[in-house]
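The numbers here are math on the coordinates, done by the rules we state, and not lab data. From a predicted model like this one, the values you see are computed outputs, not experimental measurements. With ideal geometry, Cβ positions are generated from the backbone for all residues, glycine too; neighbour counts draw on all protein chains shown.
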Amino acid sequence: MAKTRRTPDRLQSFNPRTGEVMRTIEATPVAEVAEVVTRARKVAPEWAAIPPQGRVRILREVRYRIGKKIDEIVDVVSAECGKPTVEALAHDTTPLPIMLAYLEHIAPRALRPDHPGRFLGPLTGTSGRVEWRPYGVVGCITPWNYPMLNSFAAFAPALFAGNTVVIKPSEVTPMCGEVLRDLLEPLPPGVATVIQGGRDVGAALVDAPCDKISFIGSPPTGRKICEAAAAHLTPVVMELGGKDAAIVCSDADVDKATSGLVWSAFFNAGQTCASVERVYVVESVADEFKSKFLEKLSHVRQGTPDSDVGPLTFKPQLDVVRKHVADAIDKGATVLAGGTEPSNEGGSLWFAPTVLENVTEDMDVVRHETFGPVVTITKVRDEQEAVRRANEEAVNLTASVWSKSKARAESLAADLEAGTITTNFHGETLAYPWSPWGGTGESGFGRLSGRYGIREFVMPVNVSRSSMPWLPRLWWYPYTDNTVQSVRSITELMSSPELAKKARAVKTLATSAVKTLKEKL
Ligand code: NAD
């Protein structure tokens, strides 16, 4: 059976549990991408002109359509990604109506104009507001690991903010792309268009150009998109990968920490940007942690759509996992569990949940995102060493602290570098639409989700007016001694610590301002 995942003009939908090709889907010709963006740009002013509450009413229909199609979404996501049915439902379907309902609720308020000069503006004889204006067309490029959730995270706030969107989902999961297209049917033509294809189609979208790019994917692709976008000065939001760390403190509830971390490392077969890939355990609880972790992992089932851990979704990802594990073993790591794969005859992509210890900094599995069912456990002297290594050895998109003490967890969180830091849980907050979602450094910049997501897709535009249009402004021509005196008085007023000097400055300002206004052209 053919295992090619994509061709220039057609995309194969592949079942990673079996290796079967389920369907072939036409890709959007690269030459048509600019035209799609032009159509989206034509309707952008109309969409932006609808008041936020009106857009909410239209977008609500997408939420209702999800409700009617739950089973279809779950079936396609589970078949094409290899996710256990419960994960296809809980991680890639349920969060969608939650996200949309939340955005419906907050968007009108988040888009209300601000009045930052309410108090100081009148002193300058002006008043105004900051309006939140959409960019125009947002190009959204998304990955295969959560084809529905990540796509909605990339485009939904942009739509609520008044932009039109062109979405290029991953070529690895094209059937999910078709489901996406169907769910967006209730929107007016051109407001949200799905194009299908690989990196060439994505590159054409960036080059169209769009007015903003919303990207979720790997750091190397993110870098290429930034370079291409720079040629057009297109702003970008980058949600990239991580090698996320969990710190297990000496006072952790080891029973709960092991339950939580087995799940946080292996849900979606570890193919989550926020999966725990590195665990640092303080030595006083390390032995207990390790034995409980392995014991709990021994109950985790793999092999059918109803089991706990699915296969990898994408063949090149299985190759990365094999390479990282082999490299670690070559360099002296100990395999505590897994490290093996079934025969994968017929092209399936299974790999056993794998736990490694005795890992060192020169190993890929410590420094680079594995994005698979592999976790390392490292014993450390104390919490400070754990934080140092969590920050230094690789990049965190998210990080967690496991401790019974709120104060200790807060203090360690303050030193951790990550976009999201959690205590006694890990990896689930992309599904919480109120939490800002984004990284630091190599894991990206900009924020999606909720109010922060909406603000990511609008520009603050300052609209200001003179409150006394019958008066000339103090600083208009001609420049005279009185102009200089007026401006000097303002400077003295603002910079002096002494009340008497301030009072003198106000008095001088009053007389020189009246004189200079009389001198204006
Ligand atoms: P990827 O970077 O290979 O591809 C992502 C998307 O970019 C795909 O749609 C692809 O077709 C497109 N693309 C590739 N090259 C392009 C180019 N030159 N120009 C324009 N588009 C291009 O990533 P992936 O393998 O699909 O996803 C896995 C990665 O995504 C991991 O690194 C993971 O951590 C990351 N990720 C991050 C988040 C987050 O929220 N931070 C969420 C999910 C996944």
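In table form, for the structure just shown:
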| item | result |
| --- | --- |
| Neighbour-count ranking [beta-carbon atoms within 10 angstrom, fewest first] of Leu103, Leu120 | Leu120, Leu103 |
| Residues Leu297, Leu471, Leu312, sorted so that the one with the fewest Cβ neighbours within 10 Å comes first | Leu471, Leu297, Leu312 |
| Rounded to 10°, Cα long-axis angle of helix 95-110 versus longest principal axis of the chain | 10 |
| Cα-based reach from Lys69 at 17 Å (exclusive), listing aspartates and glutamates while leaving out same-chain residues under 8 positions away | Glu61, Glu80, Glu87, Asp92, Glu178, Asp182, Glu185 |
| Three-way shape call for the chain based on the alpha-carbon gyration tensor, with the a/c threshold at 1.5 | oblate |
| Surrounding net charge for Arg63, when Lys and Arg each add one and Asp and Glu each subtract one, Cβ distance under 15 Å | +2 |
| Angle in degrees between helix 406-415 and the longest Cα principal axis of the chain, rounded to the nearest 10 | 80 |
| Which of Met99, Trp434, Met459, positive extreme of dipole for the chain (C-beta unit charges) | Met459 |
| Long-range lysine pairs (8 or more apart or interchain), segment 270-385, Cα under 22 Å | 7 |
| 0 to 90° range, to nearest 10: angle between helix 174-183 axis and the chain longest Cα axis | 50 |
| Alpha-carbon centroid distance for the pair segment 389-460 / segment 30-72, whole angstrom | 29 |
| Within the chain, percent of DSSP bridges classed antiparallel, to nearest 5 | 35 |
| Proximal lysines to Lys406, defined as alpha-carbon separation beneath 22 angstrom and excluding residues fewer than eight positions away on the same chain | Lys256 |
| Nearby lysines by direct alpha-carbon distance to Lys515 (threshold 19 angstrom, same-chain neighbours under 8 apart not counted) | Lys507 |
| Contour excess over end-to-end distance, with Cα ends at Ala31 and Leu294 and 0.36 nm allotted per residue | 89.4 nm |
| Taking Met148, Met468 and counting other C-beta atoms within 10 Å, the order from fewest to most | Met468, Met148 |
